[in-house]
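Shown below is the structure under consideration.
The values are calculated or read from the model by the stated rules, or taken from the named source; none is laboratory data. Because the structure is a prediction, the values reported are computed rather than measured. Neighbour counts run over all protein chains shown; Cβ positions are idealised from the backbone, glycine included.
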Amino acid sequence: MPPAVSRPSSREAFARAKKLMPGGVNSPARAFGAVGGEPIFIDRAEGSYLYDLDGNRYIDYIGSWGPMILGHAYAPVIESLHRAIDCGTSYGAPTTGENDLAELIIELVPSIEKVRLVNSGTEAAMSAIRLARGVTGRDKVVKFAGNYHGHVDALLVAAGSSAATLAVPNSPGVTTGASQDTLVLEYNDVAGLRDAFEVHGGEIACVAFEPVCGNMGVVVPTSEFRDALRSITNDHGALLLCDEVMTGFRVAIGGAQQRLGIEPDLTALGKIVGGGLPVGAYGGPDAIMCNVLPEGKVFQAGTLSGNPLATAAGATTLRTLRDDPPYEKLEALASQLETGLREAATAAGVPHQLARVGSMLTLFFADEPVTGWQSAAKCDTERFARFFWGMMDRGMYLPCSQYEAMFVSAAHTETDIENTIDAAREVLTSI
Ligand code: KE4
């Protein structure tokens, strides 16, 4: 009988982590900065459940911040990893696994004819920005407050996600030189977008936007805004970069651009595309992508880009989403959750808004609809923190920030959703 391995508690693990890594985490989004308390350390995950070091089980609504649309430890993905790992872990040379994943991305994402695999959503957005600047010969980039495109210096201004959560939208270390060419506008503000192009139109290389926001909570673009993004960039010769790192393969198999009829020039992908392993990708028409080195002159490279384990997990995930689409089930479960949360918050008399697109949703503690960062910033984040911990105490693991999205996976069950709603009914009456 092997000796019992004494496992640390989350608290012990965190105490050790803080001596080793800044804040004890490898991403601030996990630091519980907006909700207080200490992060929970996860021991393992399966289906819709997370299991922490202290033996607690949680219904998971983070899904690793989006990738785990099929649920945790999805058998075909695990099997594909076993097959891949038996052949080694990385070669630094081309593999057919990269062909397979690239082919699936091109097949599934309407606007992509050629794609480059990288290692994260940040790398995807950063590389797409460089490509847009290289292709247009222009310097300026437009982004929207509350939109997060990874920790790209040029875009780490008025960012969403943990930058907004931790109220450090303009990070130290981001130089004036890096951010001086970044214009930050208000999401869903057509007039503001038009005005910016009136003044800077000829200098703007691209407009980067989240086609459905997840990083200030879920915020949906109006049809007027979507139309203006495409028409105004066309009128001024700027490229439209659709950041589908979160929405890609999430809100539809072809992402938000398929669901909402957006025709971008470049698309950034991440999260689901790697099936839980580190993969990002950027792509678009061949006429643009042919400018990327070595075919073109715009430099971009990466030791582990197209890693055989990551492409195996990503390709298996996309193939499953294509061949056995879970979107009807995801829509039904997420709609059930939306209805239940709305009813619970209304019954409790708690001012709230709820936004949902497919299986990503956010319950805002706000008096007025959240349409952009100006309204998102008015949310009652203290009440969110109380909601978060109330749900955590009842075995529901929600994203630890008002400015994130909850994700439902294909592994969630109606019972999971019912239990979540029951817990919300209790918590919302006490916060
Ligand atoms: P990564 O570099 O974290 O893979 O992707 C950056 C990124 C780019 N674009 C969008 C729309 C994104 O949502 C993200 C990353 N999302 C956050 C959560 N909202 C990641 C969580 C974290 O930073 O730990």
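Looking at region 66-79, can you tell me whether even one residue there is away from the ligand (no atom under 16 Å from the Cβ) and more than 18 Å from residue 276 (Cα to Cα)?
Checked against the condition, which is being away from the ligand (no atom under 16 Å from the Cβ) and more than 18 Å from residue 276 (Cα to Cα), region 66-79 yields no hits at all.
Give the number of residues within region 343-366 that are in a helix (DSSP H, G or I) and either hydrophobic (A, V, I, L, M, F, W, C) or surrounded by 17 or more Cβ atoms within 10 Å (Cβ to Cβ) (or both).
3
A follow-up question, please. Does region 174-184 include one or more residues that are outside any strand (DSSP E or B), within 16 Å of the ligand (Cβ to nearest atom) and modelled with pLDDT of 90 or more?
The answer is no, given that none of the residues of region 174-184 is outside any strand (DSSP E or B), within 16 Å of the ligand (Cβ to nearest atom) and modelled with pLDDT of 90 or more.
Also: Taking the stated definitions as given, is residue 409 under 14 Å from residue 336 (Cα atoms) and in contact with an Asp or Glu (Cβ under 9 Å, 6 or more places away or on another chain)?
Numbers: under 14 Å from residue 336 (Cα atoms): yes; in contact with an Asp or Glu (Cβ under 9 Å, 6 or more places away or on another chain): yes.
Spelling it out, residue 409 is indeed under 14 Å from residue 336 (Cα atoms) and in contact with an Asp or Glu (Cβ under 9 Å, 6 or more places away or on another chain).
Ok, one more. Do we find a residue being away from the ligand (no atom under 16 Å from the Cβ), closer than 24 Å to residue 363 by Cβ, assigned to a loop (DSSP other than H, G, I, E, B) and not charged (D, E, K, R) anywhere in region 208-230?
Yes, region 208-230 contains a residue that is away from the ligand (no atom under 16 Å from the Cβ), closer than 24 Å to residue 363 by Cβ, assigned to a loop (DSSP other than H, G, I, E, B) and not charged (D, E, K, R).
On to the next question. Considering 106, 85, 112, 62, which residue is within 22 Å of the chain's Cα centre (by Cα) and surrounded by fewer than 19 Cβ atoms within 10 Å (Cβ to Cβ)?
Exactly one residue qualifies, and that residue is 106.
Residue check: is residue 54 out of contact with any helix residue (DSSP H, G or I) (no Cβ under 7 Å at 6 or more places or on another chain) and either closer than 19 Å to residue 303 by Cα or among the charged types (D, E, K, R) (or both)?
The answer is no for residue 54.
Rundown of residues vs (1) over 18 Å from residue 155 (Cβ atoms); (2) touching a Cys at 6+ places or on another chain (Cβ under 7 Å); (3) in contact (Cβ under 8 Å) with a residue 40 or more places away in the chain, yes/no style:
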position	(1), (2), (3)
218	yes, no, yes
223	yes, no, no
262	yes, yes, yes
268	no, no, yes
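Output the residue which, of all residues in region 112-141 that are touching a strand residue (DSSP E or B) at 6+ places or on another chain (Cβ under 6 Å) and small (Gly, Ala, Ser), is farthest from the ligand (Cβ to nearest atom).
Filtering region 112-141 for residues that are touching a strand residue (DSSP E or B) at 6+ places or on another chain (Cβ under 6 Å) and small (Gly, Ala, Ser), the one farthest from the ligand (Cβ to nearest atom) comes out as 134.
Farther than 23 Å from residue 74 by Cα, touching a Phe, Trp or Tyr at 6+ places or on another chain (Cβ under 6 Å) and either assigned by TED's automatic domain parsing to the domain that holds residue 105 or of a type in the set (Phe, Trp, Tyr) (or both): does that describe residue 304?
no
Tell me whether region 239-250 contains one or more residues that are more than 11 Å from the ligand (Cβ to nearest atom), touching a strand residue (DSSP E or B) at 6+ places or on another chain (Cβ under 9 Å) and over 25 Å from residue 29 (Cβ atoms).
yes
Is it true that some residue in region 242-254 is crowded, with 24+ Cβ neighbours inside 10 Å and in a helix (DSSP H, G or I)?
Within region 242-254 (the criterion being crowded, with 24+ Cβ neighbours inside 10 Å and in a helix (DSSP H, G or I)), the answer is no, since none of the residues qualifies.
Rundown of residues vs (1) in contact with a strand residue (DSSP E or B) (Cβ under 6 Å, 6 or more places away or on another chain); (2) in the same structural domain as residue 252 (by TED's automatic domain parsing); (3) not polar (S, T, N, Q), yes/no style:
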| position | (1), (2), (3) |
| --- | --- |
| 335 | no, no, no |
| 343 | no, no, yes |
| 362 | yes, no, no |
| 387 | no, no, yes |
| 393 | no, no, yes |
| 412 | no, no, yes |
| 425 | no, no, yes |
